[in-house]
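The values are calculated or read from the model by the stated rules, or taken from the named source; none is laboratory data. Everything quoted here is computed from the prediction, not taken from an experiment. We place every Cβ from the backbone using ideal geometry, glycine too, and count neighbours over all the protein chains shown. SASA here: full protein model, heavy atoms, side chains in, ligands and nucleic acids out. Shrake-Rupley method; radii C 1.70, N 1.55, O 1.52, S 1.80 Å.
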Amino acid sequence: MRRRGHTRESEIGKCLSQMWEEEEEEKEQNSAALDNEDNPSQIQRRGHFGIITMDQDSELETLTTVRATYVAPKSHDVRLKGIRGELMEKHLAQRISEKIRAEQNPPTPKTDFCSTSQRDFSVTGFVPLSLETTQVHDYKTDEAITFWSENQQRVEGVTAVETPTSPFRKSAFFTKPISERLDETKPPPDN
């Protein structure tokens, strides 16, 4: 009995080893058939020859399945619509396209070339009133009345005003020593 069991195990082991040897031989044959060149970089660049086709000189098909199965629609030589219906359809399409074009591109409004003085100051029926002067003013000698001259007390960063008639006159008092400034009673008169 031992021999039979021993024989059976040895037969199984021999069978497995034979199958393993056959697989190794097939691998060697396949790799030799696929890799005719020894350089692995050439194989990576070009790939294996003979996997897709055995005829290396054959050209690729230019006709795709869609082009082969597509059939162009046949045109009928017989009119499918009447002349009047076709003309009505063209006329309706033209009217609709003109309507849409008019909605999308409205006409430019008329330009009003009226100036501000014409619009606001040349109103019919307006009588300008001139006020009578209360004092005599000379525009050549009097100082102009501006926002700054009216609000001179609120302006920050300005030298103290010595003469109320000319608050923004050039002054060099801030560069004089205090002892000299205290000695002066009045600033020099305006010229």
### Query
Say each of LYS14 and ARG46 gets a label point 7 Å from the Cα, pointing the same way as Cα to Cβ; how far apart are those two points in nm?
4.5
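So how many Lys-Lys pairs in region 52-163 land under 30 Å Cα to Cα, not counting same-chain pairs under 8 apart?
Values: LYS74/LYS90; LYS81/LYS90; LYS81/LYS99; LYS90/LYS99; LYS99/LYS110.
Summing the qualifying lysine pairs gives 5.
Round to the nearest 0.05 the FRET efficiency obtained for ARG101 and LYS74 when R0 = 30 Å and r is the Cβ-Cβ distance.
Details: r = 37 Å, r/R0 = 1.22.
E between ARG101 and LYS74, to the nearest 0.05, is 0.25.
Which of rounded, prolate or oblate describes region 41-171 when judged by the alpha-carbon gyration tensor and an a/c cut-off of 1.5? Please report the intermediate quantities before stating the final value.
Details: a/c = 9.96, a/b = 2.07, b/c = 4.81.
In terms of gyration-tensor shape, oblate.
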#### Entry: Distance in nm between pseudo-label sites at ILE145 and VAL127 (7 Å out along the Cβ direction from Cα)
2.7
### Task
Treating cross-link reach as a plain straight distance, find the lysines whose alpha-carbon is under 17 Å from the alpha-carbon of LYS176, omitting any fewer than eight places away in the same chain.
LYS186
### Query
Once fully extended, how much extra length lies between SER117 and ASP138, figured as 0.36 nm per residue of separation less the alpha-carbon to alpha-carbon distance?
4.7 nm
#### Entry: Potential lengthening between ILE178 and GLU24 on full extension [0.36 nm per residue; Cα-Cα distance subtracted]
44.1 nm
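At 1.4 Å probe size, with every protein chain present, just tell me what the per residue accessible area of region 94-163 comes to in Å².
Numbers: 7390 Å² over 70 residues.
That works out to 106 Å² for each residue.
Rounded to the nearest percent, how much of the accessible area of region 131-172 (1.4 Å probe, protein heavy atoms only) is carbon and sulfur?
Details: 2280 of 4160 Å².
Answer for region 131-172 is 55 percent, counting heavy atoms of protein chains only.
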